[in-house]
Amino acid sequence: MHREESETLEFKLRVDSQRKIAKTLVALANGQGGRIVVGVRDSGSVAGCNLEEEFYMIQGAAHRHTRPEVAFTASEARWDGKPVLVVDIPTSDLAPHAAEDEHEGTWTVYVRRGAANYRANRVLLESIRARFQDVEASSEQLSLLSLIPDDVAVSASSLARASKLPIRDVEDGLAVLLRWEQVGAEPMEQGWRYRKIC
């Protein structure tokens, strides 16, 4: 059976750090939800795990290192005849959730893109918040869509220059367009870029 990680599926051989797994819990809860399977290598091959120990690590991560605390359910399964812990995280109506970083007392909101977790910028944070509100955009903000070329990902600052709108208005407009699934957000080395969804 072919298995691979995705925006909604994470494999962990074992949970070595509660703070690290907290980032994945938060990223999944802030998005469309998903599943962490412990006892599986990144390649998808099954090693099995100590279910009680891994459950304790996940429970501790959610309780101590996520804010608000991320809800999850966990169950035992057998993959290739070996025990694995299946952790299901629903989309949260308490989002945005933050995870405590390695520097104790610092909290960061994470989102998931592909099979990785990324720090949310202001646009992504506002789009998560917009999930639970009736959001309206100004006509100027809606006009941002026409300034994004087809098949090109652009930065918020380049849209601010092109539109002559303040950067905060551009970010708010992008958050609404992201929420309405008119644009997608892509992490790049230089920061987040936005692309029209055709």
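Assorted remarks:
- If you filter region 120-148 down to residues that are without any contact (Cβ under 8 Å) to a residue 12 or more places away in the chain and either in contact with a helix residue (DSSP H, G or I) (Cβ under 9 Å, 6 or more places away or on another chain) or part of a loop (DSSP other than H, G, I, E, B) (or both), you find that the one that is nearest to Arg19 (Cα to Cα) is Gln133.
- Residues of region 69-102 that turn out to be among the β-branched types (Val, Ile, Thr), surrounded by fewer than 15 Cβ atoms within 10 Å (Cβ to Cβ) and part of a loop (DSSP other than H, G, I, E, B), as a count: 1
- The residue that is farthest from Leu94 (Cα to Cα), among those in region 21-37 that are at pLDDT 95 or above and surrounded by fewer than 19 Cβ atoms within 10 Å (Cβ to Cβ), is Arg35.
- Residue list for region 68-95, restricted to those being under 22 Å from Leu13 (Cα atoms) and in contact with a helix residue (DSSP H, G or I) (Cβ under 7 Å, 6 or more places away or on another chain): Val70, Phe72, Ala74, Glu76, Pro83, Leu85, Val87, Ile89
- If only residues of region 38-53 that are in contact (Cβ under 8 Å) with a residue 40 or more places away in the chain and buried (at least 21 other Cβ atoms within 10 Å of the Cβ) are counted, the one that is nearest to Glu100 (Cα to Cα) is Val38.
- The residue list Thr91, Thr106 contains one member that is among the hydroxyl-bearing types (Ser, Thr, Tyr), within 30 Å of Pro166 (Cα to Cα) and either at pLDDT 90 or above or not assigned by TED's automatic domain parsing to the domain that holds Leu174 (or both), which is Thr106.
- Scanning region 7-23 finds one or more residues that are farther than 22 Å from Ile128 by Cβ and assigned to a helix (DSSP H, G or I).
- Enumeration of residues in region 1-20 that are more than 21 Å from Leu124 (Cβ to Cβ) and buried (at least 20 other Cβ atoms within 10 Å of the Cβ): Phe11, Lys12, Val15, Gln18
- Members of region 24-61 that are in contact with a Ser or Thr (Cβ under 7 Å, 6 or more places away or on another chain) and assigned to a strand (DSSP E or B): Gly34, Arg35, Ile36
- Residue match in region 105-115 (condition: more than 23 Å from Lys20 (Cα to Cα), in contact with a Ser or Thr (Cβ under 8 Å, 6 or more places away or on another chain) and touching a residue at least 60 places away in the same chain (Cβ under 8 Å)): no
- For Ala153: the one exception among (1) within 24 Å of Trp180 (Cβ to Cβ); (2) within 21 Å of the chain's Cα centre (by Cα); (3) free of Cβ contacts under 8 Å to residues at least 40 places away in the same chain: (3)
The values are calculated or read from the model by the stated rules, or taken from the named source; none is laboratory data. Keep in mind that this is a model prediction, so the values were computed, not measured. Quick reminder, even Gly has a Cβ in these numbers, built from the backbone with ideal geometry, and neighbours come from all protein chains shown.
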